[in-house]
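K.L.:
A single structure is presented below for examination.
The values are calculated or read from the model by the stated rules, or taken from the named source; none is laboratory data. All of these numbers come straight from a predicted model, not from anything done at the bench. Cβ: placed from backbone, ideal geometry, glycine included. Neighbour counts: every protein chain shown. When the accessible area is computed, the model is the full protein with side chains, heavy atoms only, and any ligands, DNA or RNA have been set aside. Shrake-Rupley method; radii C 1.70, N 1.55, O 1.52, S 1.80 Å.
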Amino acid sequence: MENSLSASITPIEQCAACNVQVLNDDAFCTNCGYPLHGTNQEQRNFISIREAKEIDLSEANKKIKRASIALYVVAGTTALLGLAMVGLSKDPAAKNSLLITNLILAAIYGGLGFWCNQKPLAAIISGSALYALVLILNAIVNPLTIISGIIFKIIIIGFFVRGIKSAIEAEKLKKELYAE
């Protein structure tokens, strides 16, 4: 009786690629797809492709981090410019509306920068859309705002574009690496 019980239990081993426990009978890891009983060449190829994807994911995450920092920079700049415009404005009613509007925008950009850690694609797209909307509205009110700070604006937009591309790439790589 004891012999039949031990024969029915399949030994468990760890996947060499992702360290998840797998059954000895499995041909592939159920988590990452590693060929458990493949040839040495197939296993090396799988590991090298996985390592290359992990490096690509790391690079994408660095670009996402830069876009997140850009959101914080826009938040800080918006708050500082709002305070500066309040100091320069001579109309008391305009001072309050400028201050409130810029502080709300700064808080939104800061929140999007924080949210970028959990949902980078949504946060960066939302931040870049809000940034573009503010630029367009400012240009409608005063067309000269298009030119002022153009280098800063181009740099921020560049970080947003790279961040969006990287967030899309990171999502794709995560799906490939961690078959969810």
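K.L.:
Tell me whether the range 114-121 contains one or more residues that are farther than 16 Å from Ser58 by Cα and open to solvent by less than 60 Å² (accessible area, probe 1.4 Å).
P.N.:
no
Residue-by-condition table, conditions (1) modelled with pLDDT of 95 or more; (2) out of contact with any Lys or Arg (no Cβ under 7 Å at 6 or more places or on another chain); (3) open to solvent by 70 Å² or more (accessible area, probe 1.4 Å); (4) over 15 Å from Ala75 (Cα atoms):
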residue: Asp91; (1), (2), (3), (4): no, yes, yes, yes
residue: Ala129; (1), (2), (3), (4): yes, yes, no, no
residue: Ile147; (1), (2), (3), (4): no, yes, yes, yes
residue: Glu176; (1), (2), (3), (4): no, no, yes, yes
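K.L.:
Can I ask one more? Restricting attention to the range 1-25, and to residues there that are β-branched (Val, Ile, Thr) and modelled with pLDDT under 70, which single residue is surrounded by the most Cβ atoms within 10 Å (Cβ to Cβ)?
P.N.:
Here is the first cut: in the range 1-25, the residues β-branched (Val, Ile, Thr) are 9-10, 12, 20, 22.
With the extra rule that they be modelled with pLDDT under 70, the set shrinks to 9-10.
Values: Ile9: 7, Thr10: 11.
Only one residue fits best here, namely Thr10.
K.L.:
Name the residue, out of Ile125, Ile136, Ile164, that is exposed (fewer than 14 other Cβ atoms within 10 Å of the Cβ), β-branched (Val, Ile, Thr) and part of a helix (DSSP H, G or I).
P.N.:
Ile136
K.L.:
A follow-up question, please. Which members of the range 34-85 meet the condition of being in contact with a strand residue (DSSP E or B) (Cβ under 9 Å, 6 or more places away or on another chain) and either open to solvent by 90 Å² or more (accessible area, probe 1.4 Å) or not in a helix (DSSP H, G or I) (or both)?
P.N.:
Result: Tyr34, Pro35, Leu36, His37, Gly38, Glu42.
K.L.:
Only one residue in Tyr131, Tyr109 is part of a helix (DSSP H, G or I), without any contact (Cβ under 8 Å) to a residue 40 or more places away in the chain and among the aromatic types (Phe, Trp, Tyr), so which one is that?
P.N.:
Tyr109
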